[in-house]
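The values are calculated or read from the model by the stated rules, or taken from the named source; none is laboratory data. Small disclaimer: the values here were computed from a predicted structure and weren't measured. When we count neighbours, we look across all protein chains shown, and the Cβ atoms used for this are built from the backbone with ideal geometry, even at glycine. Surface accessibility is based on the protein's heavy atoms, side chains included, excluding ligands, DNA and RNA. Shrake-Rupley method; radii C 1.70, N 1.55, O 1.52, S 1.80 Å.
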Amino acid sequence: MTKKILVIEDEVQICSNIQQILGLSDFQTISANNGLDGLRLAKSEKPDLICCDIMMPDLDGYGVLKALREDSETDSIPVILLTAKVERSDLRYGMELGADDYITKPFSPEELLKAIQMRLARVAKPTLMKQKYEKERQQNIKLKQEIQVSQQKLEETKQLADMRNEVLEKLLQDLSNPLSNINMAVHMLKQVQSENDRDRYLKILQEEYDREIMLLNEMKNLQALLTPENAKILQKFNLLHHSK
């Protein structure tokens with residue numbers, strides 16, 4: 001992504017030269033020839049970096065830097081000061097105000113580009129770390145959601161298994177009743193003497209047989225009936241009494 005550089009320089013020729021150097025290195029440049037215009041551009045354009053001369057009329061580079069650092073919209077923009085003054089006190093003052101670097105005039109294109117690239121790299125590093133952190137945070141959120149879904153499905157599966165066991169236990173109990181009746185009818189058939197008694201016990205056998213077949217069919221339909229969705233509905237209307 002092309003980086004945008006704001007050049008604040010009151011000497012028009014120097015300003016133009018800096019823009020040409022940066023343009024040849026694929027930077028996008030905007031410029032101002034005084035401090036006040038430079039501040040307005042900094043707020044409106046939000047450049048990635050500012051190269052600012054110190055010695056300017058009305059509002060000098062120190063005034064521009066101070067205003068930038070006091071404004072939350074511009075306080076994090078890297079600022080490289082351009083100066084012909086090399087006194088230690090001047091350098092210290094600029095650093096105290098929040099300057100990121102100094103370049104003394106005259107400077108070579110290589111010096112300018114190296115300073116700018118170093119500052120942009122330092123800005124990009126925490127940004128990349130922040131992006132990496134955000135990506136990992138989103139992955140952790142997604143993983144947590146997936147774990148919660150899996151736990152919910154596991155709980156539903158367990159509940160469904162408990163419900164099926166409950167229904168199966170009831171069906172097995174119901175199956176035992178006709179079996180007992182069939183066993184009794186068979187025993188009585190062996191002892192009957194009259195045709196009427198024989199027909200009565202045969203009728204009991206047939207009825208209990210039909211009842212057994214019906215219960216077996218109910219067991220076959222159990223798998224289709226007790227889906228998680230149906231189990232919840234049955235439990236909601238107290239048609240399936242299940243306790244954890």
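Please give the contour-minus-distance gain from GLU169 to SER72: 0.36 nm per residue of separation, less the Cα-Cα distance, rounded to one decimal in nm.
Numbers: separation 97, 0.36 × 97 = 34.92 nm, distance 7.10 nm.
Length gained between GLU169 and SER72: 27.8 nm.
Roughly how many percent of the accessible protein surface of region 1-99 is carbon and sulfur, given a 1.4 Å probe and a whole-percent answer?
C and S atoms contribute 49 percent here.
Work out, step by step, the length gained on full extension between ASP199 and GLN117: first 0.36 nm times the residue separation, then minus their alpha carbon distance; give nm to one decimal.
Extra length from ASP199 to GLN117 when fully extended: 18.9 nm.
Residues with beta-carbon under 13 Å from that of ILE30, excluding ILE30: net charge, scoring Lys, Arg +1 and Asp, Glu -1? Spell out each step's value before the answer.
Working: positive: LYS3, LYS4, ARG40, LYS43, LYS46; negative: GLU9, ASP37, GLU45, ASP48.
With Lys, Arg at +1 and Asp, Glu at -1, the net is +1.
Using a probe radius of 1.4 Å on heavy atoms only, what accessible surface per residue do you get for region 3-131? Whole Å² is fine.
With the other protein chains kept in place, region 3-131 gives 54 Å² per residue.
What does the charge add up to near ILE8, with Lys and Arg as +1, Asp and Glu as -1, over the other residues with Cβ less than 9 Å from its Cβ?
Values: positive: none; negative: GLU9, ASP10, ASP37, ASP53.
Value of the local net charge: -4.
Over region 1-144, what is the relative contact order in whole percent, taking alpha-carbon pairs under 8 Å and six or more residues apart?
The value is 19 percent.
For every other residue with a beta carbon closer than 11 angstrom to the beta carbon of ASP48, add +1 if it is Lys or Arg and -1 if Asp or Glu, then tell me the sum.
Value of the local net charge: +3.
Over 23 Å between Cα atoms: which of LYS3/LYS85; LYS3/LYS114; LYS4/LYS66 fall into that group?
Those over the limit are LYS3/LYS85.
If the reach is capped at under 17 angstrom between alpha carbons, list the aspartates and glutamates near LYS190, excluding any in the same chain fewer than eight residues apart.
ASP199
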